[in-house]
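Take a look at the structure below.
The values are calculated or read from the model by the stated rules, or taken from the named source; none is laboratory data. Computed from a predicted structure; not experimentally measured. Methodologically, a virtual Cβ is constructed for each residue, glycine included, from the backbone with ideal geometry; neighbour enumeration extends over all protein chains shown. Ligands, DNA and RNA are excluded from the accessible area calculation, which covers all protein heavy atoms including side chains. Shrake-Rupley method; radii C 1.70, N 1.55, O 1.52, S 1.80 Å.
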Amino acid sequence: MHPLQTQNQSTSAIPVDLIRTVAILGVLLLHAANDLTIQVINDLEIWRWCIVDVYQSVGRMGVPLFVMLTGALLLAPSKNEDLGVFFKKRFARIGLPFIFWAVAYFLWDIYVEGQQVTQGFIVQGILTGPYFQFWYLYMLMGLYLLTPLLRLMVPHMTDKLFKYFMVIWFVGVSLVPLLELATPYDFNPNLFAIPGYVGYFLLGAYLVNVRVKRSTLVALLCVGIALTAIGTFQMSRTVGGGTSFYFQEYLSPTMILSSISLFLLLNTFRTPCDQPVEQSWRKRIMRAISENTLGIYLFHMMVIYAFQNGFFGFSLNGNTVNSIVGVPLMVGLVLVVCLAVLVPLKRVPVLKRLIG
């Protein structure tokens, strides 16, 4: 039987709210800790640096989770849409929020961070995004452009062919860069010319029907996080420079292991379609976070900046609070502020479409 046409998918629902919630918390954790891990290791207390290293190693899994979930939802065998319908839906989903938040961040750059307005500033901001987290939307739009083609390809991929594709992807995006890092030799990048995030995208469609014991997944997840954190520590201590955080890159071998394990682990909490969904307070909070992940993703950097620079009457950064406590505290506060702002605003029909 084809791996994407098993009966499991029709009898149970993907835990979308759970995966989205964990993914956005990962993004918040990553960016809350971001201002600390870019410092040289010897300039921080060793334990504080190591704990933040672990925070980063955990938070990095957020983006791969989002990409795999998107692949699981958009590449499902039941999806069959006309090109016009598909792109109209995608524009409504991220196009309008992209425009709204891009304008907001241009104004933020100018009036809050004092960026000088020049033609280059505007043009470059449009081409690559007015703030660094916009890279994800550009990547997502690239995956959207490929989706109609991948939808034709996926139903015809046997299990063996799919695994072959994944091996080629993993070797090209992960092992070859690792070999270049560990040896004095360079490899021709054209040999394995598969775009990096396409692998995660297709993995989501494949892994949604893979079943592995939870105990095994927890063990693999812990191993992946540990290897990522230890590898980052060793690279920072011995090599330094731009390669210090290689193991925290989204396509490193350890990050792929961690992300796949976490996606599979979260997917074990699927709810049978014929079973009533329990509306506990935890479920309601998770649903609120899930429905606002795009808005939280685009808005949260303003909130982090505001906390770091004392806009709320106090400063929360590495200089005022020990980061071991400060990073999770920042995550909680940023999440609360984002929801407190976004949820009421999205009750206005026009703003609901713009905020995301």
At 10 °C and 1.306 mPa s, the Stokes-Einstein diffusion coefficient in µm²/s for region 66-186, with hydrodynamic radius from the Kirkwood sum on alpha carbon pairs, is 90
Point-charge dipole on Cβ atoms (K/R +1, D/E -1) for the chain, about Cα centre, debye to 20: 1220
Quick one: pull the percent of accessible area on region 119-194 belonging to carbon and sulfur, 1.4 Å probe, ligands and nucleic acids left out. 72
For the pair Arg347 and Thr243, how long in nm is the line joining their label points, each one 7 Å along Cα→Cβ? 5.5
By accessible area with a 1.4 Å probe, ligands and nucleic acids excluded, highest first: order of Thr268, Thr238: Thr238, Thr268
Residues whose modelled amide H sits under 5 Å from the amide H of Leu316, counting only those 5 or more places away in sequence or on another chain, are Gln308, Asn309, Gly310
Could you please tell me the mean projected area of the C-alpha convex hull for region 216-285, averaged over all directions and given in square nanometres to one decimal? 6.7
Run through every distinct alpha carbon pair of region 229-332 and return the Kirkwood hydrodynamic radius in angstroms, one decimal place. 17.6
Would you mind checking which residues have amide H under 5 Å from Met61's amide H? H placed 1.01 Å from N; only 5 or more apart, or other chain. none
Obtain the nm distance between the two label points defined at Ala306 and Lys283 by a simple spin-label model: each point lies 7 Å from its Cα along the Cα-to-C-beta direction. 3.2
Solvent-accessible area per residue for region 100-183 (1.4 angstrom probe, square angstrom): 56
Mind ranking Asp53, Asp17 by accessible surface for me, highest first, 1.4 Å probe? Asp17, Asp53
Taking 2.2 N^0.38 Å as the expected size of a compact globular protein, what ratio does the Cα radius of gyration of region 155-273 give against it, to two decimals? 1.18
Given a cut-off of 25 Å, name the pairs among Lys88/Lys346; Lys88/Lys160; Lys79/Lys346; Lys89/Lys163; Lys163/Lys213; Lys89/Lys346 whose C-alpha atoms lie farther apart than that in the structure shown. Lys88/Lys160; Lys79/Lys346; Lys89/Lys163
Starting from the coordinates of the alpha-carbon atoms of region 284-355, obtain the Kirkwood hydrodynamic radius over all distinct pairs and give the value in Å to one decimal. 13.0
Kirkwood Rh over Cα pairs of the chain into Stokes-Einstein at 25 °C, 0.890 mPa s: D in µm²/s? 113
Sum -39500 (n - 2.57) across every DSSP H segment of at least 4 residues in the chain, then divide by the residue count to get the 222 nm mean residue ellipticity, nearest 500. -21000 deg cm²/dmol
Gyration tensor (Cα) of region 96-156, equivalent ellipsoid semi-axes in angstrom: 33, 10, 8
Note to self: C-alpha centroids of region 142-168 and region 286-339 sit apart, in Å, by 37
Under 5 Å from the placed amide H of Ala13, counting only residues 5+ away or on other chains, we find Thr271, Cys273
Go from 0 up to the bin containing the longest alpha carbon distance in region 126-220, width 5 Å each, and give me the % of pairs per bin. 2, 10, 16, 17, 18, 17, 13, 5, 1, 0
